[in-house]
1. Have a look at 101, 21 and point out the one that is in contact with a helix residue (DSSP H, G or I) (Cβ under 9 Å, 6 or more places away or on another chain), assigned to a helix (DSSP H, G or I) and at pLDDT below 95.
2. So, residue 68, is that one touching a helix residue (DSSP H, G or I) at 6+ places or on another chain (Cβ under 7 Å) and modelled with pLDDT under 90 or not?
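The values are calculated or read from the model by the stated rules, or taken from the named source; none is laboratory data. All values derive from a computational prediction rather than experimental measurement. A quick note on method: Cβ atoms are made from the backbone with ideal geometry, for glycine too, and the neighbour counts reach across all protein chains shown.
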(Lines give C-alpha, C1' and ligand atoms only; values in the text may rest on other atoms or scores of the structure.)
Protein backbone atom coordinates (compact mmCIF):
# COMPACT_ATOMS: atom_id res chain seq x y z
CA UNK A 1 0.00 0.00 0.00
CA UNK A 2 1.15 3.44 -0.78
CA UNK A 3 0.64 6.38 1.50
CA UNK A 4 -2.00 8.76 0.33
CA UNK A 5 -1.02 12.39 0.02
CA UNK A 6 -2.19 14.81 2.69
CA UNK A 7 -5.51 16.41 1.90
CA UNK A 8 -5.30 19.84 0.38
CA UNK A 9 -7.03 22.64 2.25
CA UNK A 10 -10.32 23.71 0.78
CA UNK A 11 -12.19 26.97 0.99
CA UNK A 12 -15.49 25.18 1.37
CA UNK A 13 -17.80 26.76 3.97
CA UNK A 14 -18.67 23.34 5.42
CA UNK A 15 -15.07 22.23 5.80
CA UNK A 16 -13.78 21.92 9.37
CA UNK A 17 -11.60 24.82 10.47
CA UNK A 18 -8.57 24.79 12.71
CA UNK A 19 -9.60 27.47 15.17
CA UNK A 20 -10.94 27.79 18.70
CA UNK A 21 -14.22 26.10 17.74
CA UNK A 22 -12.34 22.77 17.46
CA UNK A 23 -10.88 23.12 20.97
CA UNK A 24 -12.53 21.18 23.76
CA UNK A 25 -15.19 23.20 25.54
CA UNK A 26 -14.13 25.12 28.62
CA UNK A 27 -15.64 24.37 31.98
CA UNK A 28 -17.91 26.98 33.52
CA UNK A 29 -15.32 27.77 36.19
CA UNK A 30 -12.56 28.21 33.60
CA UNK A 31 -14.78 30.40 31.44
CA UNK A 32 -15.65 32.55 34.48
CA UNK A 33 -11.97 32.83 35.42
CA UNK A 34 -11.04 33.98 31.91
CA UNK A 35 -13.89 36.50 31.89
CA UNK A 36 -12.72 37.89 35.24
CA UNK A 37 -9.16 38.22 33.94
CA UNK A 38 -10.41 40.13 30.89
CA UNK A 39 -12.51 42.45 33.06
CA UNK A 40 -9.63 43.08 35.47
CA UNK A 41 -7.29 43.86 32.57
CA UNK A 42 -9.79 46.34 31.13
CA UNK A 43 -10.17 47.93 34.56
CA UNK A 44 -6.37 48.14 34.95
CA UNK A 45 -6.13 49.86 31.58
CA UNK A 46 -8.76 52.42 32.59
CA UNK A 47 -6.90 53.06 35.86
CA UNK A 48 -3.67 53.69 33.94
CA UNK A 49 -5.53 56.15 31.69
CA UNK A 50 -6.95 57.88 34.77
CA UNK A 51 -3.47 58.24 36.27
CA UNK A 52 -2.22 59.80 33.03
CA UNK A 53 -5.20 62.18 33.04
CA UNK A 54 -4.35 63.28 36.59
CA UNK A 55 -0.77 64.03 35.52
CA UNK A 56 -2.06 66.14 32.60
CA UNK A 57 -4.47 67.94 34.90
CA UNK A 58 -1.64 68.67 37.33
CA UNK A 59 0.33 70.39 34.57
CA UNK A 60 -2.64 72.63 33.81
CA UNK A 61 -3.02 73.58 37.47
CA UNK A 62 0.46 75.09 37.39
CA UNK A 63 -0.50 77.05 34.27
CA UNK A 64 -3.60 78.39 36.04
CA UNK A 65 -1.42 79.50 38.95
CA UNK A 66 0.88 81.41 36.60
CA UNK A 67 -2.09 83.01 34.85
CA UNK A 68 -3.56 84.21 38.14
CA UNK A 69 -0.22 85.77 39.13
CA UNK A 70 0.04 87.55 35.77
CA UNK A 71 -3.56 88.82 36.03
CA UNK A 72 -2.79 90.03 39.56
CA UNK A 73 0.35 91.84 38.42
CA UNK A 74 -1.51 93.51 35.54
CA UNK A 75 -4.46 94.35 37.80
CA UNK A 76 -2.14 95.92 40.36
CA UNK A 77 -2.19 99.12 38.25
CA UNK A 78 -5.96 99.55 38.62
CA UNK A 79 -6.75 98.14 42.03
CA UNK A 80 -4.77 96.39 44.70
CA UNK A 81 -7.96 94.74 45.91
CA UNK A 82 -8.57 93.31 42.43
CA UNK A 83 -4.96 92.12 42.19
CA UNK A 84 -5.00 90.52 45.61
CA UNK A 85 -8.33 88.86 44.94
CA UNK A 86 -7.22 87.51 41.56
CA UNK A 87 -4.01 86.07 42.97
CA UNK A 88 -5.65 84.65 46.09
CA UNK A 89 -8.50 83.07 44.13
CA UNK A 90 -6.23 81.69 41.41
CA UNK A 91 -3.65 80.29 43.81
CA UNK A 92 -6.33 78.86 46.09
CA UNK A 93 -8.13 77.12 43.25
CA UNK A 94 -4.86 75.87 41.76
CA UNK A 95 -3.65 74.45 45.07
CA UNK A 96 -6.99 72.72 45.55
CA UNK A 97 -6.76 71.25 42.04
CA UNK A 98 -3.19 70.12 42.65
CA UNK A 99 -4.12 68.49 45.93
CA UNK A 100 -7.07 66.67 44.37
CA UNK A 101 -5.03 65.44 41.41
CA UNK A 102 -2.28 64.10 43.68
CA UNK A 103 -4.77 62.35 45.97
CA UNK A 104 -6.78 60.86 43.12
CA UNK A 105 -3.63 59.66 41.32
CA UNK A 106 -2.43 58.00 44.53
CA UNK A 107 -5.83 56.33 44.95
CA UNK A 108 -5.74 55.10 41.35
CA UNK A 109 -2.22 53.69 41.90
CA UNK A 110 -3.40 51.75 44.96
CA UNK A 111 -6.35 50.38 43.01
CA UNK A 112 -4.07 49.50 40.09
CA UNK A 113 -1.73 47.56 42.39
CA UNK A 114 -4.65 45.63 43.87
CA UNK A 115 -6.03 44.90 40.41
CA UNK A 116 -2.67 43.64 39.10
CA UNK A 117 -2.33 41.40 42.17
CA UNK A 118 -5.80 39.99 41.52
CA UNK A 119 -4.90 39.33 37.88
CA UNK A 120 -1.76 37.46 38.99
CA UNK A 121 -3.82 35.43 41.45
CA UNK A 122 -6.38 34.53 38.78
CA UNK A 123 -3.69 33.61 36.27
CA UNK A 124 -1.95 31.50 38.90
CA UNK A 125 -5.17 29.55 39.51
CA UNK A 126 -5.09 28.20 35.96
CA UNK A 127 -5.69 24.47 35.75
CA UNK A 128 -2.99 22.32 34.36
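1. 101
2. So residue 68 passes the test.
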